[in-house]
Structures are given as structure tokens and as C-alpha cells.
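Step one of this worksheet: look at the structure below.
Derivation of every value follows stated rules applied to the coordinates shown; laboratory data play no part. Owing to the predicted nature of the structure, the values given are computational and were not obtained by experimental measurement. Every residue, glycine as well, gets a Cβ built from its backbone with ideal geometry; the counts of neighbours run over all protein chains shown.
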Amino acid sequence: MEQVLTENDKVRNILRLQNITSENINIEMIKELVEILNKHLKESGIYHGTATIDRLRNAKFITMSTEDWEGREAVSFNSDGFIGFCGWADSKNSKPILNAVTEWALNHREKQFNLHVAKNYSELDLLED
């Protein structure tokens, strides 16, 4: 039987392709993700526009709250390597989270590429001296 990929699985594949894992995630990356998550939540208007990311207590477990509830999983980078996305949510309410993580992963790839190019140019400058 053919395996059907969920939207969550597709985003996990994007992260894997960008080499973003639970092991190599750092606080700067998390801060960037939180900014993008808040932007997407606000733009989505879910929960009457009250959905926001909570203050970070554990950088690898990002939670969110609304006018109706507090502290639910938004994104988690688990010690076993699994990356979770709002397991409580239906497809409508998970969409802004998944879109934000995808944007963040693609931004990360672009930054890595720019760092690689800058490093190569600086190495070329050293060779010319």
C-alpha cells in the first residue's frame, strides 16, 4: 500500500532537506522561527487573531496560546529526533504553523548559501594576495 504523506510530513521533509534537525538547532535559529511564527499566526487570524507564541521557556519546545487556552505545542524539536507540529490542531489551525516553519527553513537555506558564497569569496581574496 502506498504511503500517504501528511502536510506535517512534507514540512519535516523540507527540514530534513535543509539539514535542520533537533540536534543542530540553536537559539538564534529558534528566535528567527518565533518571529516568523508570530507573523503567520497574526496574518492567519485564527482564534479571532489572538493566537501568539508564548515566551520561550525551553528553546526546543515552542508553545502557543489563544484567548481560549494556553501552552499548547506549536513546534517541538524532540531529543529522539522527531520534530512535532501542533499535534492538537486540525488542518486549518496548523496551516499558519506549517507555513511559518517552511518559510523559516527556506530562509535558513538562503542564509547558509550566502555564508558559503561569502566564505568562498574571502578565500579567493586570500589567494590573490
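Among the criteria (1) under 17 Å from Trp104 (Cα atoms); (2) loosely packed, with under 13 Cβ neighbours inside 10 Å; (3) in contact with a helix residue (DSSP H, G or I) (Cβ under 7 Å, 6 or more places away or on another chain), the one Asp9 does not fulfil is (3). The combined condition, being surrounded by 15 or more Cβ atoms within 10 Å (Cβ to Cβ), in contact with a Phe, Trp or Tyr (Cβ under 8 Å, 6 or more places away or on another chain) and part of a strand (DSSP E or B), is fulfilled by Ser76.
Select from segment 56-92 the residues that are among the basic types (Lys, Arg) and in contact with a strand residue (DSSP E or B) (Cβ under 9 Å, 6 or more places away or on another chain) and write down the one among them that is farthest from Ser22 (Cα to Cα). It would help to see each step written out before you state the result.
Initially, segment 56-92 is screened for residues among the basic types (Lys, Arg), giving 57, 60, 72, 92.
So of that shortlist, the ones also in contact with a strand residue (DSSP E or B) (Cβ under 9 Å, 6 or more places away or on another chain) come out as 57, 60, 72.
On the way: Arg57: 16, Lys60: 8, Arg72: 19 Å.
Of everything passing the filter in segment 56-92, Arg72 is farthest from Ser22 (Cα to Cα).
Inspection of segment 38-53 finds no residue satisfying the criterion of being surrounded by 13 or more Cβ atoms within 10 Å (Cβ to Cβ) and in contact with a His (Cβ under 8 Å, 6 or more places away or on another chain). Report yes if some residue within segment 50-65 is in a helix (DSSP H, G or I), touching a helix residue (DSSP H, G or I) at 6+ places or on another chain (Cβ under 9 Å) and under 18 Å from Ser91 (Cα atoms); otherwise report no. No, segment 50-65 contains no residue that is in a helix (DSSP H, G or I), touching a helix residue (DSSP H, G or I) at 6+ places or on another chain (Cβ under 9 Å) and under 18 Å from Ser91 (Cα atoms).
Among the residues of segment 13-33 satisfying the criterion of being part of a helix (DSSP H, G or I) and in contact with a helix residue (DSSP H, G or I) (Cβ under 9 Å, 6 or more places away or on another chain), which is surrounded by the fewest Cβ atoms within 10 Å (Cβ to Cβ)? Checking each candidate, the answer is Leu17. Could you tell me whether segment 62-73 includes any residue that is over 16 Å from Leu15 (Cβ atoms), surrounded by 14 or more Cβ atoms within 10 Å (Cβ to Cβ) and among the aliphatic types (A, V, I, L, M)? Yes; the residues of segment 62-73 include at least one that is over 16 Å from Leu15 (Cβ atoms), surrounded by 14 or more Cβ atoms within 10 Å (Cβ to Cβ) and among the aliphatic types (A, V, I, L, M).
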